[in-house]
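Participant: Provided herewith is a single structure, encoded as structure tokens, for subsequent inquiry.
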Amino acid sequence: MANLFQSVRGFNDVLPPDTAIWQHLHRVANETFAAYGYGEIRLPLLEHTALFSRSIGEVTDIVEKEMFTFLDREGDSLTLRPEGTACCVRAGLEHGLLHNQQQRLWYAGPMFRHERPQAGRYRQFHQLGAEAYGMVGPDIDLEVIALSARLLARLGLRDLTLELNSLGSSEARAAYRSALIDFLQRHESSLDADSKRRMHSNPLRVLDSKSPQTQEILRDAPKLIDALDLESRLHFEQLQQGLSDLGLPFRLNSRLVRGLDYYGRTVFEWTTTALGAQGTVCAGGRYDGLVTQLGGSATPAVGWACGIERLILLMKAQGVAVPDTAPHVYLCWLGDAAQREAARLGEQLRDAHPGLRLVVNAGGGKLAAQLKRADRSGARVALILGDTEIAARTIQVKSLRDTDTSPASIPEQQILPWSELSGYVAGLFDA
RNA sequence: GUGGACGUAGCUCAGUUGGUUAGAGUCCCAGAUUGUGAUUCUGGUUGUCGGGGGUUCGAGUCCCCUCGUCCACCCCA
């Protein structure tokens, strides 16, 4: 059947088997951020367009061609947020969170970029981010990286690489930038087309080029690491020392740069080879200039963002176990009297056991059909209530799964008086 | 945004050089079993062949346009 409507391209639904993974991820994120004293900030999806063009950079691809921007009824230019950091700084300034103080914040939610969709890259995608304000030293860089490492580990992800680089102070970077442009101009004829274009718009990104020929030329290019100012070099060395102290392995990558203009000094990425071209799962760095750029007083800041869809793809690829959400119990009934009794018993059991997941059969059906639903629901046991049971104030308990994991094995089928039902059910979960 | 592959039942897919009424498995429903699932057997339902246009006596099959998915690039989380 051809559907009358379908979702907008790159905007996806998340359906029940998958929502369990999303919920698990959010639960783990919540706990991990709490473990480091980070508070959640909830931000609107829509901002004034200028917020992003001023922070991300006028000539970046995001601002030039990827934003969902429109005029509202009053003629104001609004944009669905393409990233969270600028929004977070805006909120921090608006509510006075950043002036002369420290803040540890995190956020999660949808972001919007008008790109050609691909697995792990959608027009509405979701990010999970950390932001720390008001701390200059490498200790906070270390903290946010350790936090990201712990989050990824708690999600059960393996074989990730932490890549690390320093972009230096803005002065050092500006000097390096012109040195690099000089170098690139001398080799312009040998560069690939993309790099020629980027040479002027964002020369640092040429370092990232995938063209082997360009990479060959870049071997003789001036190195960013050699251009670092003394203070940035010290900062970077102390961060590396800290990572070693915590036993967090990393790989120095002098080609690691950022697409967004506001980064300086520390930049890092967690990458995987398991996701094709969408290999970056988490990326971040320091952006000491951003708060000033958006009208606040000078405030150092460092943070990162994870792509939730990519984390979930990776969790699936690596077969990460997610807590079971199947019901514990499926209650079958036969006849009108049993139906009423089943509804009453179901509510009673839910009162007694707030963690219990219990489905009461609905929509009728003969016992075979009800048991089939019970089986397909994933429930561990089915309860059966008919006229015979009601007369005796009992209920039949039928085991639907092999329970070889529990030493006190459940007999396949037994009859329990109502008075013992609650105690029996308690043994089915939270073990 | 650029290049390429693919769209057939709810799901996974077959469908010959264009040829009658488009198939399989699975799922779902019913029965074998008036109250016992997952196994078995029998029967049944499910399609504007992504959409529109064209060529043809005839199009799932060929052509054009369009929408969508995927892969790579670009970019990025």
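The values are calculated or read from the model by the stated rules, or taken from the named source; none is laboratory data. What you see is a predicted model, and the numbers here were worked out from it, not measured in a lab. FYI the Cβ positions are ideal-geometry reconstructions off the backbone, even for glycines, and counts take in every protein chain you see. These area figures cover heavy atoms from the full protein model, side chains too; ligands, DNA and RNA do not enter into them. Shrake-Rupley method; radii C 1.70, N 1.55, O 1.52, S 1.80 Å.
Participant: Show the residue pairs meeting these rules: Cβ distance below 9 Å; 6+ apart or different chains; first residue within the stretch A:335-354 and open to solvent by less than 80 Å² (accessible area, probe 1.4 Å); second residue of a type in the set (Val, Ile, Thr) and assigned to a helix (DSSP H, G or I).
Facilitator: A:GLY335/A:ILE390; A:ALA337/A:ILE390; A:ALA338/A:ILE390; A:GLU341/A:ILE390; A:LEU349/A:VAL425; A:ALA352/A:VAL425; A:HIS353/A:VAL425
Participant: Something else now. Checking A:VAL360 against (1) more than 7 Å from RNA strand B (Cβ to nearest atom); (2) in contact with a helix residue (DSSP H, G or I) (Cβ under 7 Å, 6 or more places away or on another chain); (3) modelled with pLDDT under 90, only one condition comes out false. Which one?
Facilitator: Failing condition for A:VAL360: (3).
Participant: So in the stretch A:170-219, with the set limited to residues that are among the hydrophobic types (A, V, I, L, M, F, W, C) and open to solvent by 30 Å² or more (accessible area, probe 1.4 Å), which one is farthest from A:GLY289 (Cα to Cα)?
Facilitator: A:ALA193
Participant: Please work out if A:THR292 is without any contact (Cβ under 8 Å) to a residue 24 or more places away in the chain, more than 19 Å from the chain's Cα centre (by Cα) and either under 26 Å from A:ASP229 (Cβ atoms) or surrounded by fewer than 16 Cβ atoms within 10 Å (Cβ to Cβ) (or both).
Facilitator: Values: without any contact (Cβ under 8 Å) to a residue 24 or more places away in the chain: yes; more than 19 Å from the chain's Cα centre (by Cα): yes; either under 26 Å from A:ASP229 (Cβ atoms) or surrounded by fewer than 16 Cβ atoms within 10 Å (Cβ to Cβ) (or both): yes.
Here the answer is yes, as A:THR292 does meet what is asked.
Participant: Restricting the search to the stretch A:157-180, which residues are within 16 Å of RNA strand B (Cβ to nearest atom), in contact with a strand residue (DSSP E or B) (Cβ under 9 Å, 6 or more places away or on another chain) and farther than 25 Å from A:THR272 by Cβ?
Facilitator: A:ARG173
Participant: Could you grab me the full set of residues in the stretch A:244-272 that are out of contact with any strand residue (DSSP E or B) (no Cβ under 8 Å at 6 or more places or on another chain) and modelled with pLDDT of 95 or more?
Facilitator: A:SER244, A:ASP245, A:LEU246, A:GLY247 - these are the residues of the stretch A:244-272 that are out of contact with any strand residue (DSSP E or B) (no Cβ under 8 Å at 6 or more places or on another chain) and modelled with pLDDT of 95 or more.
Participant: Just checking, which of A:ARG42, A:ARG81 is within 28 Å of A:MET315 (Cα to Cα), of a type outside the set (S, T, N, Q) and surrounded by fewer than 17 Cβ atoms within 10 Å (Cβ to Cβ)? I'd like the intermediate steps shown before the answer.
Facilitator: Numbers: A:ARG81 fails: surrounded by fewer than 17 Cβ atoms within 10 Å (Cβ to Cβ).
On inspection, the qualifying residue turns out to be A:ARG42.
Participant: List the residue pairs whose Cβ atoms are under 7 Å apart, where the first residue sits in the stretch A:51-62 and is closer than 11 Å to A:ALA86 by Cβ, the second is more than 10 Å from RNA strand B (Cβ to nearest atom) and assigned to a helix (DSSP H, G or I), and the two are 6 or more positions apart or on different chains.
Facilitator: Short answer, once both residue conditions are applied: A:LEU51/A:ALA86; A:LEU51/A:ARG90; A:PHE52/A:ALA86; A:ARG54/A:GLN293; A:SER55/A:ALA86; A:SER55/A:LEU290; A:SER55/A:GLN293; A:ILE56/A:ALA86.
Participant: Could you count how many residues in the stretch A:359-396 are open to solvent by 40 Å² or more (accessible area, probe 1.4 Å), touching a Leu at 6+ places or on another chain (Cβ under 8 Å) and assigned to a helix (DSSP H, G or I)?
Facilitator: Residues in the stretch A:359-396 being open to solvent by 40 Å² or more (accessible area, probe 1.4 Å), touching a Leu at 6+ places or on another chain (Cβ under 8 Å) and assigned to a helix (DSSP H, G or I): 3 in total.
Participant: Of the conditions (1) modelled with pLDDT of 95 or more; (2) under 30 Å from A:ILE140 (Cβ atoms), A:ASP351 fails just one. Which one is it?
Facilitator: All conditions pass for A:ASP351, except number (2).
Participant: Looking at the stretch A:181-194, which of its residues are within 16 Å of RNA strand B (Cβ to nearest atom) and at pLDDT 85 or above?
Facilitator: Residues satisfying the conditions are A:ILE181, A:LEU184.
Participant: Hey, another quick one. Within the stretch A:131-145, does at least one residue satisfy the condition of being touching a residue at least 12 places away in the same chain (Cβ under 8 Å), open to solvent by 10 Å² or more (accessible area, probe 1.4 Å) and of a type in the set (Phe, Trp, Tyr)?
Facilitator: No; the residues of the stretch A:131-145 include none that is touching a residue at least 12 places away in the same chain (Cβ under 8 Å), open to solvent by 10 Å² or more (accessible area, probe 1.4 Å) and of a type in the set (Phe, Trp, Tyr).
Participant: Under 6 Å between Cβ atoms, at least 6 apart or on separate chains: pull out the pairs that start in the stretch A:381-394 with a residue that is assigned by TED's automatic domain parsing to the domain that holds A:ALA343 and basic (Lys, Arg) and end on any residue that is assigned to a loop (DSSP other than H, G, I, E, B) and near RNA strand B (Cβ under 8 Å from one of its atoms).
Facilitator: Hits for this filter: zero, empty list.
Participant: Could you please find all residues in the stretch A:228-270 being free of Cβ contacts under 8 Å to residues at least 24 places away in the same chain and not in a loop (DSSP other than H, G, I, E, B)?
Facilitator: A:LEU230, A:LEU234, A:GLU237, A:GLN241, A:SER244, A:ASP245
Participant: Tell me, yes or no, whether the stretch A:277-284 has at least one residue that is open to solvent by less than 40 Å² (accessible area, probe 1.4 Å), more than 10 Å from RNA strand B (Cβ to nearest atom) and closer than 23 Å to A:ILE308 by Cβ.
Facilitator: no
Participant: Conditions first: (1) assigned to a helix (DSSP H, G or I); (2) at pLDDT 90 or above. A:GLY168 passes all but one, so which condition is the exception?
Facilitator: Result: A:GLY168 passes all but (1).
Participant: Where in the stretch A:15-125 are there helices (runs of 4 or more DSSP H), lying fully within it, with 1 or more residues that are closer than 24 Å to A:VAL281 by Cα, away from RNA strand B (no atom under 16 Å from the Cβ) and modelled with pLDDT of 95 or more? Before you say what the answer is, go through the steps one by one.
Facilitator: Details: elements: A:16-35, A:49-56, A:85-94.
Where helices (runs of 4 or more DSSP H) fall fully within the stretch A:15-125 and carry at least 1 residues being closer than 24 Å to A:VAL281 by Cα, away from RNA strand B (no atom under 16 Å from the Cβ) and modelled with pLDDT of 95 or more, they are A:16-35.
Participant: Is it the case that some residue within the stretch A:210-221 is closer than 28 Å to A:GLU66 by Cα, within 16 Å of RNA strand B (Cβ to nearest atom) and either assigned by TED's automatic domain parsing to the domain that holds A:LEU164 or touching a Cys at 6+ places or on another chain (Cβ under 6 Å) (or both)?
Facilitator: Keep residues of the stretch A:210-221 that are closer than 28 Å to A:GLU66 by Cα, which gives A:210-212, A:214-215.
When the remaining residues are screened for being within 16 Å of RNA strand B (Cβ to nearest atom), the result is A:210-212, A:214-215.
Retained after the next criterion (residues that are either assigned by TED's automatic domain parsing to the domain that holds A:LEU164 or touching a Cys at 6+ places or on another chain (Cβ under 6 Å) (or both)): none.
The answer is no, given that none of the residues of the stretch A:210-221 is closer than 28 Å to A:GLU66 by Cα, within 16 Å of RNA strand B (Cβ to nearest atom) and either assigned by TED's automatic domain parsing to the domain that holds A:LEU164 or touching a Cys at 6+ places or on another chain (Cβ under 6 Å) (or both).
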